[in-house]
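K.L.:
Sharing a structure, written as structure tokens. Questions coming.
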């Protein structure tokens, strides 16, 4: 079975042209939605992928209707592959997992994306190490000052409840619970 997926970014746009093109290409059911491509939670795309079965094809008019980034594209394609289904774009002939050439192109694309992720991870790690060497404290700032933490430790040693201290200081019970009572 051939399923279609049409997406427009804003309410002012119409998906009619995409739906008509997908129907003319042989789609038996077209999932359509209005959502930004940058949004990870696209309910109709999830429904389209969930509807796929072994041998089915998910068809889009253009690749940018399916994904906004390489990583997003690869994640969607992985979900389609898990269903033992295929993917095809009408206007991007190379994005077609129904042919050996298309599968090869997407494999190369996947390899490049993995290489890019490794480079980003490496640069991020190096930057973090340089910042630490300069004495930069990483992570979230503490919710409570040193004096407040000392106060909490003393009060907990005196038997004050975590709930009461959290309410008084305007923080969560978990924040108070991480501070051990003073010895």
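The values are calculated or read from the model by the stated rules, or taken from the named source; none is laboratory data. These figures come from a predicted structure and were not determined experimentally. No Cβ is skipped: glycine too gets one built from the backbone with ideal geometry, and neighbour counts run over all protein chains shown.
K.L.:
Does residue 99 satisfy being in the same structural domain as residue 7 (by TED's automatic domain parsing), under 22 Å from residue 1 (Cβ atoms) and surrounded by 13 or more Cβ atoms within 10 Å (Cβ to Cβ)? Break it down stepwise before answering.
P.N.:
Working: in the same structural domain as residue 7 (by TED's automatic domain parsing): yes; under 22 Å from residue 1 (Cβ atoms): yes; surrounded by 13 or more Cβ atoms within 10 Å (Cβ to Cβ): yes.
Against the criterion (in the same structural domain as residue 7 (by TED's automatic domain parsing), under 22 Å from residue 1 (Cβ atoms) and surrounded by 13 or more Cβ atoms within 10 Å (Cβ to Cβ)), residue 99 qualifies.
K.L.:
Here is a further query. Which one of these does residue 80 not meet: (1) under 23 Å from residue 53 (Cα atoms); (2) at pLDDT 90 or above; (3) out of contact with any strand residue (DSSP E or B) (no Cβ under 9 Å at 6 or more places or on another chain); (4) in a helix (DSSP H, G or I)?
P.N.:
Single failed check for residue 80: (3).
K.L.:
Going through 128, 117 one at a time, which residue ends up being touching a residue at least 40 places away in the same chain (Cβ under 8 Å), out of contact with any strand residue (DSSP E or B) (no Cβ under 9 Å at 6 or more places or on another chain) and either loosely packed, with under 13 Cβ neighbours inside 10 Å or outside any loop (DSSP other than H, G, I, E, B) (or both)?
P.N.:
Values: 128 fails: touching a residue at least 40 places away in the same chain (Cβ under 8 Å).
Only one candidate qualifies: 117.
K.L.:
Based on this model, can you work out whether residue 111 counts as loosely packed, with under 11 Cβ neighbours inside 10 Å and at pLDDT below 90?
P.N.:
On the way: loosely packed, with under 11 Cβ neighbours inside 10 Å: yes; at pLDDT below 90: yes.
Yes.
K.L.:
List pairs: first residue in the range 69-94 and in contact (Cβ under 8 Å) with a residue 60 or more places away in the chain, second residue outside any strand (DSSP E or B) and buried (at least 19 other Cβ atoms within 10 Å of the Cβ) anywhere in the structure, Cβ distance under 8 angstrom, at least six positions apart or on different chains.
P.N.:
The qualifying pairs are 90/21; 90/22; 90/61.
K.L.:
I'm told residue 128 meets every condition in (1) modelled with pLDDT of 90 or more; (2) within 27 Å of residue 45 (Cβ to Cβ) except one. Can you identify the failing condition by its number?
P.N.:
If we test residue 128 against (1) modelled with pLDDT of 90 or more; (2) within 27 Å of residue 45 (Cβ to Cβ), just (2) comes out false.
K.L.:
Assess whether residue 90 counts as being at pLDDT 95 or above, within 17 Å of residue 6 (Cβ to Cβ) and in contact with a helix residue (DSSP H, G or I) (Cβ under 7 Å, 6 or more places away or on another chain). It would help to see each step written out before you state the result.
P.N.:
Values: at pLDDT 95 or above: no; within 17 Å of residue 6 (Cβ to Cβ): yes; in contact with a helix residue (DSSP H, G or I) (Cβ under 7 Å, 6 or more places away or on another chain): yes.
Here the answer is no, as residue 90 does not meet what is asked.
K.L.:
Can you say whether residue 91 is outside the structural domain of residue 165 (by TED's automatic domain parsing) and either closer than 30 Å to residue 179 by Cβ or assigned to a helix (DSSP H, G or I) (or both), as far as the supplied structure shows?
P.N.:
no
K.L.:
Determine if the range 21-35 includes at least one residue that is without any contact (Cβ under 8 Å) to a residue 40 or more places away in the chain and within 22 Å of residue 114 (Cβ to Cβ).
P.N.:
no
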